[in-house]
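The values are calculated or read from the model by the stated rules, or taken from the named source; none is laboratory data. Quick caveat: nothing in here was measured; it's all calculated off a predicted structure. Quick reminder, even Gly has a Cβ in these numbers, built from the backbone with ideal geometry, and neighbours come from all protein chains shown.
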Amino acid sequence: MNQTVTIPTSPRRIVEPYLRYDLSALVGTMSEEEYFAFDSRAREKYQLISGKVVKMPGSSPEHNMIQADLQFEVTLILRGMGNSCEVIGSDQKVYVAYRKVFYPDLIVVCGDPHFDHLNALRNPTAVFEVPSPSTERDDRTDKFADYQQIESLQHYILVDQDRVAVTHYEKLENGLWAILGTHTTLGDSLTLALRGGEVDVPLAKIYRRIGFADAGAAI
C-alpha cells in the first residue's frame, strides 16, 4: 500500500518591499521652479525627490526633543569656539542635486552660507538626520547617497530616536565616505572636525530628555 508523505516546508519569509516614501504622501511631479513656488506657499514641508514632490512625515515627541537639544548643544559649542561655523535649523531646505531638495533635521555651515535664488542652501558642511521607523532605511541608503553629491558636505550624522545610537559618516580626502564612529552609550561623545577646531557633543546631552531601558549600556 503506497502512502503519501507530506514534507513540511519552512514558512516563507515575507519581505516588505522597499519604498522610498509613502505613496500617499506623493503630491506629483514638478520642475524645480514649480516645486519652489509650491513649497513657498505650503504650510507643511515637502521634499523634492528626483522630481517627485513628497510630503514629509510628522515627527514624534522624541524626534522633536532630540532635534531641539542637538541644535542647542551644537550651537552653544560653536559660539564658544568663536569660529566661522553656524547652525541652521530644520526649516531650511538644502539643494542636493538636480530635482533633489531636502529638509535636514540640522545643518552646520562653515563660512558664508550660499543660498540660491530660490532660498535653498547650497553649501552645508554637516547634515544631521533623526530617522523615524518610516524614514530610517532611506536615510541610511538612498538619501545618504544623494547627500554625497554635495561638494561642500564633510559630515553626515544619523541620530536614532528609539535607542542610544549615533552614526557618524565623514568624507575622506580621496572623496570616499567612511563610518568614522558608531556611538551607543550615553558616556560617548560625537566629535566633528570642523574649521577652527573640533566639536565634541556628549550623547547624554543629545538624549537628556529621552528615557531608554538600560540607556547607559551599549545597544
GLU151 is checked against (1) part of a loop (DSSP other than H, G, I, E, B); (2) closer than 19 Å to LYS205 by Cβ and fails just one. What number does that condition carry? (2)
Restricting segment 89-142 to residues that are aliphatic (A, V, I, L, M) and more than 14 Å from the chain's Cα centre (by Cα), the one farthest from GLU198 (Cα to Cα) turns out to be LEU118
Look through SER59, SER10 and report the one residue that is modelled with pLDDT under 95, surrounded by 12 or more Cβ atoms within 10 Å (Cβ to Cβ) and among the small types (Gly, Ala, Ser). SER59
List the strands (runs of 3 or more DSSP E) that sit entirely inside segment 43-103 and contain at least 1 residues that are farther than 18 Å from SER24 by Cα and in contact (Cβ under 8 Å) with a residue 40 or more places away in the chain. 85-88, 94-97, 100-102
Can you pull out every residue in segment 71-92 that is closer than 17 Å to LEU121 by Cβ and polar (S, T, N, Q)? GLN71, THR75, SER84, SER90, GLN92
Return the residue satisfying two criteria in turn: it lies in segment 74-99 and is in contact with a helix residue (DSSP H, G or I) (Cβ under 9 Å, 6 or more places away or on another chain) and buried (at least 20 other Cβ atoms within 10 Å of the Cβ), and of such residues it is farthest from GLN47 (Cα to Cα). CYS85
For residues in segment 164-203 being part of a strand (DSSP E or B) and among the β-branched types (Val, Ile, Thr), which is modelled with the lowest pLDDT? VAL199
Give the residue, chosen from ASP112, ASP138, that is charged (D, E, K, R) and assigned to a loop (DSSP other than H, G, I, E, B). ASP112
With respect to ARG209, determine if the residue is more than 12 Å from the chain's Cα centre (by Cα) and of a type outside the set (Val, Ile, Thr). yes
Name every residue in segment 190-214 that is small (Gly, Ala, Ser) and either more than 23 Å from GLU62 (Cα to Cα) or crowded, with 17+ Cβ neighbours inside 10 Å (or both), in order of residue number. ALA193, GLY196, GLY197
